[in-house]
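Take a look at the structure below.
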Amino acid sequence: MEQYIKQIQENIAALEAELKSLLDTLGRKREEISLVAVSKTHPVEYIEAAIRCGIGNFGENKVQEALRKVPMIREPYEGFHFIGHLQTNKINQLLSLKPKLIHSIGSLYLAERLNRACGNRNLIQDVLVQVNVSGEEQKSGVSFSNALDSIIKIASYPNLRVKGLMTIGRLHPDREHNRPYYKELKALFDQINAMQLEGLSLLHLSMGMSGDWQPAIQEGSNMIRIGSSIFGERDYGDIR
Ligand SMILES: *Cc1c(COP(=O)(O)O)cnc(C)c1O
């Protein structure tokens, strides 16, 4: 067997084992957690190998790269997730790939443009609202202080269905670093669901990556986006 297949298989098994044992301590079930395998920079063969190991959902963060890879996947999978910054001039190309979920709706402007594009195609797109919880300036996402208003506004667009919230933690050697932000987003998630607003029931809370999915899950994440712990380190210098 090719070495990369074996490695991906082992990585997924190790991740699943650790996830299961963490969930056991929390009294939560594996079915409550969605695992999105982040395949950016990695070849289609890696995605196919992961699918054969039971991965149903994978994520890409660049439209151009997704356009090249997604149509080439020859294994049946559940869904392609778009998790990266979305430029408005790439919306139509992204929609042509029929993303199951777009995690990165981080501004009213983007939401408005995406809504219009979905209207033109007569489709309703499932999205998450990306919230910039930490307030880091270089991060995209609606600001945490206006998040409630932004989410309600985005949910009012007829061709978007807000299915949850997403945040990107900071890459940090201390995996505890993002825990307070994850806690804050979970509180907002619960607050919105408690309001029982018409057409706004949040299902997914997308937070946690390879470096910090454990605290994210402890704080209530139910969707983790895992790249390097499944596929290995990324090589951005390589031509994919
Ligand atoms: C790359 C990426 C991930 C996965 O990162 P890893 O640290 O490799 O697990 C998760 N979410 C987003 C938005 C990403 O761009």
Could you please give the count of residues in region 23-45 that are buried (at least 16 other Cβ atoms within 10 Å of the Cβ) and part of a helix (DSSP H, G or I)? 2
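Do we have Lys20 as away from the ligand (no atom under 16 Å from the Cβ), modelled with pLDDT of 95 or more and not hydrophobic (A, V, I, L, M, F, W, C) here? Quick ask: steps written out before the conclusion?
Details: away from the ligand (no atom under 16 Å from the Cβ): yes; modelled with pLDDT of 95 or more: yes; not hydrophobic (A, V, I, L, M, F, W, C): yes.
Yes; evaluated as a whole, the condition is true for this residue.
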Out of contact with any helix residue (DSSP H, G or I) (no Cβ under 8 Å at 6 or more places or on another chain), in contact (Cβ under 8 Å) with a residue 12 or more places away in the chain, assigned to a loop (DSSP other than H, G, I, E, B) and hydrophobic (A, V, I, L, M, F, W, C), is that true of Leu171? yes
Determine which single condition Val162 fails, assuming it passes every other condition in (1) in a strand (DSSP E or B); (2) hydrophobic (A, V, I, L, M, F, W, C); (3) within 14 Å of the ligand (Cβ to nearest atom). (3)
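Can you work out which of the residues in region 208-218 that are among the hydrophobic types (A, V, I, L, M, F, W, C) and part of a helix (DSSP H, G or I) is farthest from the ligand (Cβ to nearest atom)?
First, the residues of region 208-218 that are among the hydrophobic types (A, V, I, L, M, F, W, C): 209, 213, 216-217.
Cutting the leftovers down to part of a helix (DSSP H, G or I) gives us 213, 216-217.
Values: Trp213: 8, Ala216: 11, Ile217: 14 Å.
Selected residue: Ile217.
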Residue list for region 51-82, filter: more than 16 Å from the ligand (Cβ to nearest atom) and touching a Gly at 6+ places or on another chain (Cβ under 8 Å): Gly56, Tyr77, Glu78
Assuming Ile152 fulfils every condition listed in (1) surrounded by fewer than 22 Cβ atoms within 10 Å (Cβ to Cβ); (2) assigned to a loop (DSSP other than H, G, I, E, B) apart from one, which condition is it? (2)
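Mind telling me which of the residues Ser221, Ser156 ends up being under 30 Å from Ile8 (Cβ atoms), among the hydroxyl-bearing types (Ser, Thr, Tyr) and either within 16 Å of the ligand (Cβ to nearest atom) or at pLDDT 95 or above (or both)? Spell out how you get there, then give the answer.
Working: Ser156 fails: under 30 Å from Ile8 (Cβ atoms).
Exactly one residue qualifies, and that residue is Ser221.
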In region 119-131, is there at least one residue being outside any strand (DSSP E or B) and within 16 Å of the ligand (Cβ to nearest atom)? no
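The values are calculated or read from the model by the stated rules, or taken from the named source; none is laboratory data. Given the structure is predicted, the values throughout are model-derived calculations rather than measurements. Please note: Cβ atoms are built from the backbone with ideal geometry, for glycine as well, and neighbour counts cover all protein chains shown.
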